[in-house]
Structures are given as C-alpha cells and as structure tokens.
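Report on the structure given below.
The values are calculated or read from the model by the stated rules, or taken from the named source; none is laboratory data. All of these numbers come straight from a predicted model, not from anything done at the bench. Cβ coordinates were reconstructed from backbone atoms using ideal geometry, including for glycine residues, and neighbour counts include every protein chain displayed. Accessible surface areas use protein heavy atoms only, side chains included; no ligands, DNA or RNA. Shrake-Rupley method; radii C 1.70, N 1.55, O 1.52, S 1.80 Å.
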Amino acid sequence: MGFRKPAALLLIVAAALAFAASALAGNGGILPLAPHSPNAHRIKEAYIFILVFAGIVFVGVEGVLIAFVIRYRRGKRDRAVEGPQIHGSTRLEILWTVLPVVILAAIGSFVFFELPGIANAPAAAAADETTITVEGHQFYWLFRYPNGAVTVGTMIAPAGEVVHENVTAPNTEVLHSWWVPELGGKIDAIPGRTNRTWFEAPAGLYDARCS
C-alpha cells in the first residue's frame, strides 16, 4: 500500500512530462508547424485553444480514474464479497452535465470567431493578388497560372500577396487533399468540383503534401 501511491504519482508525473515535452517539440510533437499565413495563424490558435481544454479534461478524467482505482481497489477483500456501495450525488451529476456544455460552448464560440479569418481572404487590390489552379493528378500536382504557364510538382507564387487557390482533380478516379501545413488548412481535390482556399506568405520554401 505504501508503494502504490508513490508509484501512481510517479506515473502521473511521467505522463505529464511526456505530454509537455511533445508539446514543446513543436514540429516533432503535437503542435502544428509554425504558421506563415494569416489563416494558418488562426488555425493554430484554434488548435491550441481546443488542445488546452482537451488536456485539462484528459488529466482530470485520468486523475480521477487512477484515484478511484487506488481508493476502491479490492485489496484483501475476498472476491465473493461486494465492495462498498457508492450512491449518487445530485450536485456531482449536475456538475458533470453543465461543465461539458460550458466547455463546448467556449470552444464553439472561439472557433466560430476564428472561422471568417480562416475561410475568407483579406481584401486586396487586383495588383496584389493572383489565382492559381491546383490540379490533383494520380501521381503529381499540376499548377496553372493566370499567364498560361504550367508547373508540375512545385508551385511558384508571389511573396506577400494574396494567392487564391482553385483546387480540383480532372481525373474522375483520383481524390486528393491539398495541404501546405505552414500556409493553412487542408482542402479536398474532387473530380468535377472546384474547392477554394488561399494564403498570404512571405518569401520561402514550403512543403506541400497530399493528405
């Protein structure tokens, strides 16, 4: 009995340290890559906001679970003997009903506050924006530019300008999901349909992937 409590506490501390280490690892952990576009910044803010609540709920639930396992363990009680009967608590039941509603309301309000800045590109003069068509083919991405130029595998976009992306898939048998983690969220490339997204990024090289 004297050993179990320190062991459980050690396990909780180790789990918390592992969680913190992975969070601080950034690119190699649970946090998104560093954002380089306004919509990517807002996505990361929403992600962290939800992650904090999820972390609190996880630690709270697991902490209570471990405490109950220790507190109400069978111990030396014979297997045929029932354990102590725990009766309901109206106050506790109200708490665990109201608290999730409050948490979900807070998350929903924050996400809906961020959504316009994620979905809608900022207003820009025609000279400060461009539109690129992104086509998902079976084994490669193809990019079409307003001047008629075409590139395969690498998109070339102006730095510091609003870039609108029209994402589609010309092959009816191919479904892709276009994603540049540092520039915003994922968008599906669906045959017969054009989905739209955007970014506004400084000069740099950004890795894209099919997700």
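How about the stretch 68-103: which of its residues are among the acidic types (Asp, Glu) and under 27 Å from VAL57 (Cα atoms)?
Within the stretch 68-103, GLU93 is the sole residue that qualifies.
Give me the pairs: first residue in the stretch 182-211 and over 12 Å from ALA159 (Cβ atoms), second residue among the basic types (Lys, Arg) and in a loop (DSSP other than H, G, I, E, B), beta-carbon distance under 7 Å, and six or more apart or on different chains, which are they?
SER211/LYS186
Please go through (1) open to solvent by 90 Å² or more (accessible area, probe 1.4 Å); (2) in contact with an Asp or Glu (Cβ under 7 Å, 6 or more places away or on another chain) for ALA46 and return the number of the only condition it doesn't satisfy.
Just one mismatch for ALA46, condition (1).
Looking at ALA40 and the list (1) in a helix (DSSP H, G or I); (2) under 28 Å from ILE12 (Cα atoms), which single condition is not satisfied?
(2)
Determine whether GLY29 is farther than 29 Å from PRO122 by Cβ, open to solvent by less than 50 Å² (accessible area, probe 1.4 Å) and at pLDDT below 80.
yes
Going residue by residue through the stretch 69-91, is there one that turns out to be assigned to a helix (DSSP H, G or I), modelled with pLDDT of 85 or more and within 27 Å of SER109 (Cα to Cα)?
yes
Just wondering, is there one or more residues in the stretch 43-63 that are closer than 19 Å to PHE199 by Cα and aliphatic (A, V, I, L, M)?
Within the stretch 43-63, one or more residues are closer than 19 Å to PHE199 by Cα and aliphatic (A, V, I, L, M).
Six or more apart or on different chains, Cβ atoms under 6 Å: show the pairs whose first residue is in the stretch 46-62 and closer than 15 Å to PHE113 by Cα and whose second is at pLDDT 90 or above.
Taking only residues 6 or more apart or on different chains, the pairs are ALA46/VAL111; ALA46/GLU114; PHE49/PHE110; ILE50/ILE107.
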